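What follows draws every value from the coordinates through simple rules; no lab data is involved. What you see is a predicted model; the values in this text were computed from it and never measured. Heads up, the Cβs are rebuilt from the backbone with ideal geometry, glycines too, and the neighbour counts pull from every protein chain shown.
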Amino acid sequence: MTSEIYTLTVNGNDHHVIDGHPSESLLWVLRERLELSGSKNACEEGECGSCTVLLDGEIVCSCLVLAASAVGREITTIEGLGSGKEISDVQKAFVEAGAVQCGFCTPGLLVTIDQLLNTNPDPDELVVREAISGNLCRCTGYGRILEAVRIASNNRIAQNEEEKSK
Amino acid sequence: MGVIIAKSVNEACAVLAENPATTVLAGGTDLMVQANRGAHSLESVLDLSRIPELKNWSLEGSEMVLGAGISYTDLADPQIAALVPALTQAARTVGSPQIRNAGTLGGNLATASPAGDTIPVLVAMDAVLQLKSSTENREIAITEFITGVKTNALKPGEIIQSIKMPVFQGPQEFLKVGTRNAMVISVVSLALVTDFLGRKLRVGVGSVSPVPFRATAAEEFIAQEFDWETNSALSEKVINKFSELVADSTKPIDDHRGTADYRKHAVGVLAKRALERVCAGEKS
């Protein structure tokens with residue numbers, strides 16, 4: 001399988017990448033070729049987590065994924081959270097807790113936290129801290145981000161219980 | 001050429017045999033940093049990340065074989081953690097969850113950085129790498145595989161297929177010094193593996209020399225002093241001597257992460273702490 005023209009599956013849609021260079025990272029292709037600029041580019045060395053996306057359901061730094069090697073994988077970006085015009089529950093919790101300041105780390109954090117709550121709906125604070133340890137935030141001091149995770153987690157638990165009792 | 005996503009080890013070896021200059025990609029956590037900086041232009045790439053056989057592991061008797069494509073996250077598997085706890089500890093200190101999902105054991109070895117987190121553990125256990133090309137299978141000891149700072153003994157056309165190591169009976173510790181818990185490249189690291197059957201304490205050290213090695217003088221000393229019957233706590237004098245011998249065996253350098261003096265001091269502290277932890281009745 002070579003990469004002169006290749007297809008990436010992003011948020012359930014197929015995107016053709018034409019004339020891509022083999023060195024391009026997934027982050028670069030998402031932002032510059034596919035116009036999905038939600039994933040942010042800061043360090044380009046896997047340090048900051050602002051480019052976090054899901055690759056087959058696992059969080060990775062898209063800056064460290066070779067774009068043409070992601071063919072046939074399911075890529076989920078921040079644009080794939082929520083449904084249509086409705087923002088996701090984690091996004092709402094961020095708004096409620098005031099967990100966004102400059103906002104640059106937010107897309108990566110949202111992808112990380114959404115994935116965390118999908119696998120562990122009721123994480124304790126230590127688990128949350130480890131889960132977001134690869135997402136740097138220079139503004140908030142993390143207090144309100146942790147609060148947002150708690151809100152989103154409580155809401156999901158309440159919703160699950162409500163659905164069970166129906 | 002572009003990017004070739006290999007589906008099997010044989011396919012990967014065939015691609016490399018035809019074009020040995022192809023860049024091999026595993027988890028990408030080192031290679032892509034270079035590519036993003038423009039330091040490494042990737043004209044043709046062989047991606048090993050989707051070869052199922054490289055992600056397998058097995059236990060045959062007291063020998064464990066780990067596929068080179070196993071990620072740091074995979075090393076947290078409770079079954080693996082029960083057999084080689086220090087390796088799981090080391091894997092958990094790598095980068096962040098994002099990095100641990102992508103980075104692989106084989107990649108850590110091929111990159112051959114003195115700061116590679118799994119390396120001190122594998123050195124302590126005398127791990128052997130199983131290499132494969134289209135024409136040859138061979139085995140090489142980890143201390144011979146890593147030939148210098150970020151250089152290895154891979155021949156053109158070869159890939160790391162798996163890493164095999166004995167499973168030892170007894171407690172293990174991996175310790176690492178860095179500036180914080182996450183996203184840390186080690187300033188010094190140390191692995192201590194007890195081998196109750198062989199009556200040996202095996203010590204691997206990291207970030208203190210161009211090529212990894214075992215602290216054999218310290219190992220020989222402590223094998224005599226260790227209480228192999230009851231594994232009880234050791235005297236302060238013995239612990240300090242062990243710590244000193246480990247520190248003396250290292251040849252660290254000054255760099256942007258720390259000075260040689262600090263590294264020598266810190267590796268001694270790690271040796272002491274690890275020894276206290278593997279003795280019964282001592283809690284960290």
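Between 0 and 90 degrees, rounded to the nearest ten: what's the tilt of helix B:260-278 against the longest Cα principal axis of chain B?
Helix B:260-278 and the main axis of chain B meet at about 70 degrees.
Check which residues have an amide H placed less than 5 Å from A:S25's amide H, if you skip close sequence neighbours.
For A:S25, the qualifying residues are A:A67.
For a quick check: sort B:F145, B:F226, B:F174 by the number of other beta carbons within 10 angstrom, fewest at the front.
Ascending Cβ contact count within 10 Å gives the list B:F226, B:F145, B:F174.
Please enumerate, by chain and number, the aspartates and glutamates with C-alpha under 19 Å from the C-alpha of B:K237, excluding those fewer than 8 residues away in the same chain.
Counting by Cα, and skipping residues close in sequence, B:K237 has these aspartates and glutamates nearby: B:E219, B:E220, B:E225, B:D227, B:D248, B:E276, B:E282.
Counting GluC sites (Glu not before Pro) as exposed when in a DSSP loop with at most 13 other beta carbons within 10 Å, what is the longest stretch of chain A free of them?
A:36-166
Once each part is reduced to its C-alpha centroid, what is the distance from the stretch A:86-104 to the stretch A:133-152 in angstrom?
Using only Cα atoms, the two centres lie 10 Å from each other.
Please give every one of the aspartates and glutamates within straight-line cross-link reach of B:K132, meaning a C-alpha to C-alpha distance under 20 Å, and leave out same-chain neighbours fewer than 8 residues apart.
Once the sequence-local aspartates and glutamates are set aside, what remains near B:K132 is B:E11, B:E18, B:D47, B:E53, B:E63, B:E144, B:E158.
With just the Cα atoms of chain A, tell me how far they stretch along each of the three principal axes, in Å, largest first.
51, 40, 27
Rg and Dmax of the stretch B:172-278, using alpha carbons, in Å: what are they?
Cα-based Rg and Dmax for the stretch B:172-278 come out at 13.6, 44 Å.
Could you compute Rg(Cα) / (2.2 N^0.38 Å) for the protein assembly as shown, with N its residue count?
1.03
Cα-based Rg (one decimal) and Dmax (whole number) for the stretch A:5-79, in Å?
Every Cα atom of the stretch A:5-79 included, Rg and Dmax give 10.8, 30 Å.
Using each residue's phi in the stretch B:110-125, evaluate 6.51 cos²θ - 1.76 cosθ + 1.60 at θ = phi - 60° and report the 3J(HN,Hα) Karplus result to the nearest Hz, with x for Gly and Pro.
5, 5, 6, 6, x, 8, x, 6, 7, 5, x, 5, 5, 5, 4, 8
Pull up all non-local amide H partners of B:M64: gap of 5 or more, or a different chain, and H-to-H distance under 5 Å with H placed in the peptide plane.
B:M165, B:V167
May I ask you to evaluate 6.51 cos²θ - 1.76 cosθ + 1.60, the Karplus curve with θ = phi - 60°, for each residue of the stretch A:47-52 and list the ³J(HN,Hα) values in order in whole Hz, giving x for glycine and proline?
Taking θ as phi minus 60°, the curve returns 8, 9, x, 6, 9, 4 Hz for the stretch A:47-52.
When N counts the residues of the stretch B:153-227, how does its alpha-carbon radius of gyration compare numerically with 2.2 N^0.38 Å, as a ratio?
Rg over 2.2 N^0.38 Å, computed on Cα atoms: 1.36.
Partner chain Cβ atoms within 10 Å, averaged over the residues of A:35-47 - can you pull that number for me?
3
Which of the DSSP-defined H helices in chain A satisfy a minimum axial length of 27 Å, computed from C-alpha atoms, and a minimum mean Kyte-Doolittle hydropathy of -1.0?
Sorted by number, the helices that extend far enough and score high enough are A:143-165.
Name the aspartates and glutamates eligible as straight-distance cross-link partners of B:K176: C-alpha to C-alpha under 13 Å, and not fewer than 8 places from it in the same chain.
Filter leaves B:D117.
Given H placed 1.01 Å from N in the peptide plane, which residues other than close sequence neighbours of A:G72 have an amide H under 5 Å from its amide H?
Answer set, sorted by chain and number: A:T9.
Residue by residue through the stretch B:236-242, what is 3J(HN,Hα) from phi via Karplus (6.51 cos²θ - 1.76 cosθ + 1.60, θ = phi - 60°)? Round to whole Hz and write x for glycine and proline.
4, 4, 5, 4, 5, 5, 4
Give, as a single signed number, the net charge of other residues whose beta carbon lies under 14 Å from the beta carbon of A:P121, with Lys and Arg counted +1 and Asp and Glu -1.
Local net charge: -4.
About the Cα centre, and with charges only on the beta carbon of Lys, Arg (+1) and Asp, Glu (-1), how big is the dipole of the stretch B:1-90? Nearest 20 debye, please.
It works out to roughly 220 debye.
In a shell of Cβ-Cβ distance under 15 Å around B:R50, excluding B:R50 itself, what net charge do Lys and Arg (+1) and Asp and Glu (-1) give?
-4
If you line up the Cα atoms of chain B on their principal axes, what length do they span on each, largest first, in Å?
For chain B, the Cα spread along each principal axis is 62, 44, 30 Å.
Tally Lys and Arg at +1 and Asp and Glu at -1 over the other residues with C-beta under 10 Å from the C-beta of B:I70: what net charge comes out?
Taking every other residue near B:I70 into account, the sum is -1.
Please go through the stretch B:206-284 and write out the GluC sites (Glu not before Pro) that DSSP classes as loop and that have at most 13 other C-beta atoms within 10 Å.
Within the stretch B:206-284, the qualifying GluC sites (Glu not before Pro) (loop, at most 13 other Cβ atoms within 10 Å) are B:E229.
For the stretch A:89-161, restrict the atom set to alpha-carbon positions and state the Rg and Dmax in Å.
Here Rg and the maximum Cα pair distance are 11.1, 36 Å.
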